[in-house]
Structures are given as C-alpha cells and as structure tokens.
Amino acid sequence: GIWPSNGYLKFIATQIQRRIAAVGDNVYCLLGTGEPISILDGATGEVLKCHENPVNTQEMAYAAGILYVAVGDPFGERTSRDTDVRLLAVLASSGETLWTSHVNDDGGYLGGTLAVRNQHLAYCTKTGIICADARTGEGHR
C-alpha cells in the first residue's frame, strides 16, 4: 500500500493525493510506492497496461492525452532531495516520453504545485512560480 487507510484526509501528504487521474473509462495511477504508472479499467480495476517509465513518480497531472509527471524524492520527507526533480511529458496511451526537464534551480521544485491547462504548465520552486510551455517544457519565471 501507499499510505495507511485509517488516516484522515489532511493527514495524507499532498503528493500522495496527486498520483491518480481518472480520464474517461481509464484510471492512471501508481499501484505502490516506487511503482510505475499503471492504466486501469475504471469499471473493473483490471490493469490494462503498465508504463515502465517513469519510476519514482511523485505526482502527475493529465491534459489532452499527456501525463505531466514530477519524478524524484517526495517533497517534505527528511531525506528529500527535491533540489533535483525531473518533469516529464509522457504520452498517456503508450508511455512514450515526449520531453524531460530538470528543476534544479530556484531552490528546487516545491511538491504539490504541478498544474497544466491548455498549452501552459505551471509549478512552483522554493523562490518563484514557473510557467512553462506544455509542448516543450521550456519555461520562465
């Protein structure tokens, strides 16, 4: 399991809550800590496909057939090394990586902040807000 089931909602780390996306008849999720992203049939729970890449997914967001994934150590843990997080755009149907970007400046990625809408991908670092092009991963403050 990923997290105890008897904890109240606000007790569960934000990034844990951001490891699932229901889209149409499919559910994209992690089946355990450190596991790759799996695609499940939303009606039966049957695993339809398992993407081998990426591993160490901390959170993800879905838009227009693409999963935007933050990969690295969990934010907020004592052992966290969130000064070096990779952001990936992954084709949801096949798992093909479209682009990768490293977030290792501005104090590193701030967990629980990844968001996407249309052609804009936004996230926070410890010192600012980055708005990136969702098609390329290139961004600016």
message: Condition first: assigned to a strand (DSSP E or B) and either modelled with pLDDT of 90 or more or small (G, A, S) (or both). Now tell me which residues in segment 75-115 satisfy that.
response: L87, L88, A89, V90, L91, T97, L98, W99, T100, S101, A115
- request: Identify the single condition in (1) on the phi > 0 side of the Ramachandran plot; (2) out of contact with any Asp or Glu (no Cβ under 9 Å at 6 or more places or on another chain); (3) open to solvent by 20 Å² or more (accessible area, probe 1.4 Å) that S94 does not satisfy, given that it satisfies every other one.
  value: (1)
- prompt: Is it true that V90 is of a type in the set (A, V, I, L, M, F, W, C), touching a His at 6+ places or on another chain (Cβ under 9 Å) and closer than 25 Å to V27 by Cβ?
  reply: yes
statement: Pairing a residue in segment 31-54 that is within 13 Å of I20 (Cβ to Cβ) and assigned to a loop (DSSP other than H, G, I, E, B) with any residue that is open to solvent by 90 Å² or more (accessible area, probe 1.4 Å) and of a type outside the set (V, I, T), where Cβ atoms lie under 8 Å and the two sit 6 or more apart in sequence or on different chains, gives G32/G1; G42/D25
- prompt: Quick one: would you say G137 is over 18 Å from I20 (Cβ atoms), modelled with pLDDT of 90 or more and either open to solvent by less than 50 Å² (accessible area, probe 1.4 Å) or assigned to a strand (DSSP E or B) (or both)?
  reply: yes
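Considering G45, G72, which residue is farther than 16 Å from W99 by Cβ and in contact with a strand residue (DSSP E or B) (Cβ under 7 Å, 6 or more places away or on another chain)?
Working: G45 fails: in contact with a strand residue (DSSP E or B) (Cβ under 7 Å, 6 or more places away or on another chain).
The unique qualifying residue is G72.
The values are calculated or read from the model by the stated rules, or taken from the named source; none is laboratory data. Just so you know, these numbers come straight off a predicted model, no measurement behind them. So basically every Cβ, Gly included, is an ideal-geometry build from the backbone, and we count neighbours across all protein chains shown. Side chains are part of the model used for accessible areas, which takes the heavy atoms of the whole protein and leaves out ligands, DNA and RNA. Shrake-Rupley method; radii C 1.70, N 1.55, O 1.52, S 1.80 Å.
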